[in-house]
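The values are calculated or read from the model by the stated rules, or taken from the named source; none is laboratory data. As the structure is a computational prediction, the values presented were derived from the model and not from experiment. Note that we place each Cβ from the backbone using ideal geometry, even for glycine, and neighbour counts take in every protein chain shown. In case anyone asks, the SASA skips ligands and DNA or RNA and just uses the protein heavy atoms, side chains included. Shrake-Rupley method; radii C 1.70, N 1.55, O 1.52, S 1.80 Å.
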Amino acid sequence: MLAPAINIVIPLYNEEEVFEQLIARLTALIDSFPKSIEVILVDDGSLDKTPKLITELALRDQRFQAIILSRNFGHQIALSAGLEEVNASEGVMVIDGDLQDPPELLSQFYSEFKNGYDVIYGVRSIRRDEGLFKKKTSFYFYRVLRKLTNIDIPMDSGDFCFMSSRVVKVLSSMPEERRFIRGMRAWVGFNQTSVSYNRDERHAGSTKYSIGKMLKLAFDAIYGFSDIPIKLMTRLGLATIIFSFAYLIYSLLKKLFFGGVASGFSGLLFSMILLSGVQLFSLGILGEYIVRTFFQTKLRPLFIVKETIKNKTKLE
Ligand code: UDP
Ligand code: MG
């Protein structure tokens, strides 16, 4: 089969209950869409019939490709595995398998792509999905994340998006292990825009994101994109040192003018506060070195060239 214009990448973990409906919606989309589409289904170590179902489908219908991972690696890695297989000439839509995000939004994504955008991400306007807990935690998560990182990770967007093939190539060239794709997608730059949509309830089955997996994702996002926690440590250390001196001056003045302080007490307290401050501060400095090593070991590309204009021709 020739390279399709568009790939759709879908990670699946124990999704046998939604499978039939998912494939029906995708097939209808592929049939009605003016461009050729190939779907890449990634099984993330499911324990149910998902791997069997996608294998049979890929054998039967060449518009579907199946990738079966050896075990459960987690959503972000499964997604990365699918993105590695992308061969579309134009771009890729990334979507969850549970039909919370409507595949039909592809036509809106694609028209923004034709308007010159490289990344078009879905922003949830109405969420009929999930309970209050999930909504609230993700609401605050995005706001805290925004304060903590230097890159502009868009609010209330998930992994549901369309990316040009060149952006996908960049993502695949980033070898970092703890992947927070939304952050990496924002980090790569290019022209980005959003399309808002209403998020539905899961079609069937229950969430595959346990609290543990959610927390891991949140920490990968913060530690992978921010050095502010370390900076806070240095600042707190510095503030403690300043406070210890302020306390020293206060105790001296009090002793001079009023007297009556137990001898040795203030000195002891002063050195205790000072020393904790010095320790915190030193840990912060140590942290700065570790943070630098940490970001270096991510082996992210130093820069990404969007286009080159040379000898009057434009190369992309
Ligand atoms: N998923 C996965 N591996 C996992 C957990 C989830 O591939 O370890 C897939 C899952 O099958 C779905 C997508 O990631 O297609 C999003 O998961 P889910 O809908 O359960 O998350 P939620 O929408 O509840 O945050
Ligand atoms: Mg879901």
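Things worth noting here:
- For the pair residue 173 and residue 47, label points projected 7 Å from Cα toward Cβ lie 4.1 nm apart.
- For the pair residue 132 and residue 147 in one chain, pulling the backbone fully straight at 0.36 nm per residue adds 3.1 nm over the alpha carbon distance.
- Computed label-point distance, nm, for sites residue 190 and residue 84 using a 7 Å Cα→Cβ extension: 2.0
- Sequence of 13, 223, 197 when ordered by accessible area, the most exposed leading, probe 1.4 angstrom: 223, 13, 197
- Stretchable slack from residue 20 to residue 211, in nm (0.36 nm times residue separation minus alpha-carbon distance): 66.0 nm
- Charge dipole of the chain about the Cα centre (unit charges at C-beta), most positive-ward option of 47, 70, 258: 258
- Of 50, 207, the order by accessible heavy-atom surface (1.4 Å probe, DNA, RNA and ligands excluded), from most exposed downward, is 207, 50.
- Computed about its Cα centre, the charge dipole of the chain is approximately 1560 debye, with only Lys, Arg, Asp and Glu carrying charge at their Cβ.
- Here is the list for the stretch 119-167: trypsin sites (Lys or Arg not before Pro) lying in DSSP coil, each with at most 15 other C-beta atoms within 10 angstrom of its C-beta, are 128.
- Accessible area of the stretch 1-84 divided out per residue, in Å², using a probe of 1.4 angstrom: 45
- Of the DSSP H helices in the chain, those whose Cα atoms cover at least 20 Å axially and whose Kyte score averages 1.0 or more: 228-257, 265-297
- For the set 233, 93, solvent exposure ranked by accessible area (probe 1.4 Å, protein chains only) runs largest to smallest as 233, 93.
- Within the stretch 1-15: backbone nitrogen closer than 18 Å to the residue 36 label point (7 Å, Cα to C-beta): 1-9
- In sequence order, calculated HN-Hα J values of the stretch 96-105 (Karplus, 6.51, -1.76, 1.60; Hz; x Gly/Pro): 6, x, 8, 6, 6, 9, x, x, 5, 5
- Less than 5 angstrom separates the built amide H of residue 87 from none of the residues sequence-distant by 5 or more or on a different chain.
- Straightening the chain between residue 252 and residue 204 buys 10.2 nm, computed as 0.36 nm per residue apart minus the Cα-Cα spacing.
- Between the amide H of residue 45 and those of 69, 71, distances stay under 5 Å, these residues lying 5 or more places away or on another chain, with hydrogens modeled in the peptide plane.
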